Amino acid sequence: MVVFRGEFKVDTSGNSDIIDITPQVRELVALSGMSDGILLVYVPGSTAAITTIEFEPGLIRDMKAALERLAPENITYYHNERWHDGNGHSHIRASFLGQSGSFPLTDGSILLGTWQQIILIDLDNRPRSRVVLVQMYGE
């Protein structure tokens, strides 16, 4: 089995900024030279998430609205009372979504649906510079 690891940086504006990272992930897949296996995409941190979506303006707005309904920004969070950083909602949202996604690799391509892109959502309440780790296992 072969293991390949790469990473890239993404600057965000925070506040549920949704960024299509599919092109950067595909670049690393091509660089790896791997044909078949499993791809893991991971963002370290407790206020960011990795998931998939059809990356189009309507769904981006829908996702942000759904996150606000799921964990509203302007309610009491005990985290905020302790740390006074105002990002309790960010931690909850990231916990629900998760920090990673795994995808099959076949013939050197990520198996995604026709309208499916890999996205990073920065849920923190301020701009951040995020590192995205990509690890592949296979042949």
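The values are calculated or read from the model by the stated rules, or taken from the named source; none is laboratory data. This structure is a prediction, so every number in the text was calculated from the model and none was measured. A quick note on method: Cβ atoms are made from the backbone with ideal geometry, for glycine too, and the neighbour counts reach across all protein chains shown.
Within the range 15-32, if we keep just the residues that are over 14 Å from residue 134 (Cα atoms) and not β-branched (Val, Ile, Thr), the residue that is nearest to the chain's Cα centre (by Cα) turns out to be 20. Residues in the range 56-76: is at least one touching a Gly at 6+ places or on another chain (Cβ under 7 Å) and surrounded by 12 or more Cβ atoms within 10 Å (Cβ to Cβ)? The answer is no; no qualifying residue exists. Given the condition exposed (fewer than 12 other Cβ atoms within 10 Å of the Cβ) and either aliphatic (A, V, I, L, M) or farther than 16 Å from residue 52 by Cα (or both), answer yes or no: does some residue in the range 85-102 qualify? Within the range 85-102, not a single residue is exposed (fewer than 12 other Cβ atoms within 10 Å of the Cβ) and either aliphatic (A, V, I, L, M) or farther than 16 Å from residue 52 by Cα (or both).
Residue count for the range 19-41 under the criterion of being loosely packed, with under 14 Cβ neighbours inside 10 Å and assigned to a helix (DSSP H, G or I): the result is 4.
Checking the conditions here, which among 29, 10, 25, 41 is in contact with a Lys or Arg (Cβ under 7 Å, 6 or more places away or on another chain) and at pLDDT 95 or above?
So the residue among 29, 10, 25, 41 that is in contact with a Lys or Arg (Cβ under 7 Å, 6 or more places away or on another chain) and at pLDDT 95 or above is 10.
Among the residues of the range 98-139, which ones are more than 10 Å from the chain's Cα centre (by Cα) and among the polar types (S, T, N, Q)? Scanning the range 98-139 gives 102, 106, 109, 114, 116, 117, 125, 129, 135.
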